[in-house]
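A short write-up of the structure that comes next.
The values are calculated or read from the model by the stated rules, or taken from the named source; none is laboratory data. Just so it is clear, the model here is predicted, and its values are computed rather than measured. Cβ placement follows ideal geometry from the backbone for every residue including glycine, while neighbour counts extend to all protein chains displayed. Ligands, DNA and RNA are stripped out before the accessible areas are found, and what is left, the full protein with its side chains, is counted by its heavy atoms. Shrake-Rupley method; radii C 1.70, N 1.55, O 1.52, S 1.80 Å.
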Amino acid sequence: MTAYAREKPGELAAFERIMSQCERRVLRVALRLLNNPQDAQDAAQEVFLRLYKNFGNLNEERGYEPWLYRVTVNVCHDIARGRRHSVGLEEVPEPQAPQPDAYSGAERAQQRELIRRGLSRLGGKERAALVLRDVEGLSTGEVARILGSSENTVRSQISTARLKLRDFTARLVRRRS
Amino acid sequence: MSCSKFETDIALYAGGDLPPGSIARVEAHLCECADCRALADELRTAQVLLGELPLEEAMVAQVHHRVLAEIGRADLSPRGALAPLLALAAALLLAAVLFWPRHHALKEVAVASGAASHAAAASHAAPTVPLAPRARHHHDHHRRAPAAPPGPPLLVQFVTDDPNIVIYWLVDQKPQGD
């Protein structure tokens, strides 16, 4: 039997249902943590293969989300660590300041791009805490449990990350003006 | 208190993460400090923009497809589940085909240990005709001699029909007086 051995009939259907419910969240977190679509897809695939492998052992009543978020963060951490030898996050080139645009929609898109780039500048733990809290909307306590930290630590990471992100975007906006 | 000491709390306040006991103090400062109000607004805007970062549906669909394909390759199809057994059976069959004729053609050749090197050197060209165990016959007339030391080890040579494969087997002999 392989590592993905199944015993209960119908588990594949249940697995597919869970995957359909959670795949956007997993991929979104992976994309925000890794800032690379290909790496994020690889990470999400690995997360769901792990879910499949452990599907019968997980406690359905407690929900799959905390487990999925935790594994996603860990898998992304492993991928980022392997990638750091080639293109480190700190080595991402300084982005060009966006040009003023007459269309508010395009300006908003530029602001989002600044935020995306600023996010990639954060340290791994700060980024994970911020993504889980501000992108996924989890509570501080949920984030703490997923990351294995205390709520005070998570609050400190979130606060630092928000201020760094704001400083990064403000610096670029000042440079533009 | 300077504004810099409020920054951390304002960052938490903007996201609704400030503990209730600190909210009144921060709000009082925001009422009297325009710069900190601007900071709080910028932090809220950044938070909204974070939530607006796009995610392409095509990426989601690709991951979905890749996961199911990987699972299907792993074991779900009957062929996938039987793959290890089929591979083992194929390996056993191959081994039988390759080794059975040689094993069947093994010939036992015994030579005296003193001639081991010669036997080894000659084995490549040696015919597969068995040689008599000369060492034992050589000492037959001493068989009843008392307390004789054990004889030299007997070298048994297995010659296969493959000239590159020769198997040697060293056998300790019993003491000559037994």
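Local charge sum around A:G118 (other residues, Cβ-Cβ under 9 Å, Lys/Arg +1, Asp/Glu -1)?
Taking every other residue near A:G118 into account, the sum is +4.
Given a 1.4 Å probe, show me the residues in the stretch A:6-55 buried by at least 30 Å² of accessible surface when comparing the whole protein assembly to the chain alone.
Going by heavy-atom accessible area, the residues of the stretch A:6-55 that drop by at least 30 Å² are A:L12, A:E16, A:M19, A:E23, A:R24, A:L27, A:L31, A:R32, A:Q41, A:Q45, A:L49, A:Y52.
Taking the convex hull of the alpha carbon atoms in the stretch A:99-177, what volume per residue do you get, in Å³?
Here the figure is 78 Å³ per residue.
Taking every residue in A:107-119, how many Cβ atoms of other protein chains lie within 10 Å of its Cβ, on average?
3
What is the sum of charges around A:N74, taking Lys and Arg as +1, Asp and Glu as -1, for the other residues whose C-beta is under 13 Å from the C-beta of A:N74?
Local charge sum for A:N74: +2.
Averaged over its residues, how many other protein chain Cβ atoms are within 10 Å of peptide A:153-166's Cβ atoms?
5
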